[in-house]
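Below is one structure, written out as structure tokens, with a few remarks after it.
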Amino acid sequence: MTNLKEKFMPFILTGFIILADQITKAIIVNIKPELGLIKDVFNNNILWIYHVRNKAIAFSIGENLPEAIKPVLFIIVPILVLCFLVWYYFKSDEFTRIQRWAAAGIIGGGFGNIIDRIFRPDGVVDFISVKFYGIFGFERWPTFNIADSSVVVCCILLFVSVFITTEKKKEIINE
């Protein structure tokens, strides 16, 4: 059984991600309130700091949906999913330590973008643009932010961790 301290400790990461995400977004908006290129970081077209806004979700999915539906799909549903994840996180003792930290990172990233959707009527602030060399048809990967990065990295970490844990359980059962 996991003690309460072990369950709460990963939420330091949640808070850090929300804070870092919101601070970096505020810096971007204050440096360049208008949209567009702020800086080519390495002066070689690989990494740009580029201020854009996204009124939809990842890859601008749902951009053309009616405005009346967007708050439900982009704010209410994600809040419900994140609340379920928090509830399951505390209810369950099935998470390993790394899975708890990964879940906390997903929660932090999720709430980071929900804060933008609620308090920034122009959309979520995205600002990291990376050259992608034509892979998957993208010359540049769609612009993203710290919250997006946290969700993606922590989802991959959670998936790999669950896969490894499942394989270990299968090995123990088969012995």
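The values are calculated or read from the model by the stated rules, or taken from the named source; none is laboratory data. Here the structure is a predicted model, which is why all the values come from computation and not from measurement. Heads up, the Cβs are rebuilt from the backbone with ideal geometry, glycines too, and the neighbour counts pull from every protein chain shown.
Quick notes
- Count of the range 125-137 residues which are out of contact with any Phe, Trp or Tyr (no Cβ under 6 Å at 6 or more places or on another chain), among the aliphatic types (A, V, I, L, M) and in contact (Cβ under 8 Å) with a residue 40 or more places away in the chain: 1
- Residue check for Glu94: under 30 Å from Lys5 (Cβ atoms) and surrounded by fewer than 23 Cβ atoms within 10 Å (Cβ to Cβ): yes
- Hey, Phe132 surrounded by fewer than 20 Cβ atoms within 10 Å (Cβ to Cβ), of a type outside the set (D, E, K, R) and in contact with an Asp or Glu (Cβ under 7 Å, 6 or more places away or on another chain) or not: yes
- Test: Ile173 is under 14 Å from the mean Cα position of the chain (by Cα) and farther than 30 Å from Val41 by Cβ: no
- Evaluating Gly108 against the criteria (1) surrounded by 22 or more Cβ atoms within 10 Å (Cβ to Cβ); (2) outside any helix (DSSP H, G or I) leaves one unmet condition, (2).
- Among the residues of the range 63-85, just one is buried (at least 16 other Cβ atoms within 10 Å of the Cβ) and more than 17 Å from Ala147 (Cα to Cα), namely Lys70.
- The set of residues from the range 24-58 being among the β-branched types (Val, Ile, Thr) and outside any loop (DSSP other than H, G, I, E, B) comprises Thr24, Ile27, Ile28, Val29, Ile31, Ile38, Ile49, Val52.
- Residue within the range 137-154 that is at positive phi, over 17 Å from the mean Cα position of the chain (by Cα), among the small types (Gly, Ala, Ser) and surrounded by fewer than 21 Cβ atoms within 10 Å (Cβ to Cβ) present: yes
- Residue match in the range 2-11 (condition: at positive phi and either among the small types (Gly, Ala, Ser) or over 18 Å from the mean Cα position of the chain (by Cα) (or both)): no
- When Asp116, Asp122, Asp93 are screened for being of a type in the set (Asp, Glu), part of a helix (DSSP H, G or I), out of contact with any Asp or Glu (no Cβ under 8 Å at 6 or more places or on another chain) and touching a residue at least 60 places away in the same chain (Cβ under 8 Å), only Asp116 passes.
- Residue pairs whose Cβ atoms lie under 7 Å apart, separated by 6 or more positions or on different chains, with the first residue in the range 59-76 and closer than 13 Å to Ile118 by Cα and the second assigned to a helix (DSSP H, G or I), are Phe74/Arg117; Ile75/Ile114; Ile75/Arg117; Ile75/Ile118.
- Evaluation of Lys70 against the conditions (1) modelled with pLDDT of 90 or more; (2) under 20 Å from the mean Cα position of the chain (by Cα); (3) of a type outside the set (Phe, Trp, Tyr) shows that the sole unmet condition is (1).
- Residue-level check: of (1) in a helix (DSSP H, G or I); (2) at pLDDT below 95; (3) of a type in the set (Val, Ile, Thr), Thr2 misses just (1).
- When residues of the range 25-54 are limited to those that are among the polar types (S, T, N, Q) and in contact with a strand residue (DSSP E or B) (Cβ under 7 Å, 6 or more places away or on another chain), the one farthest from Ile106 (Cα to Cα): Asn45
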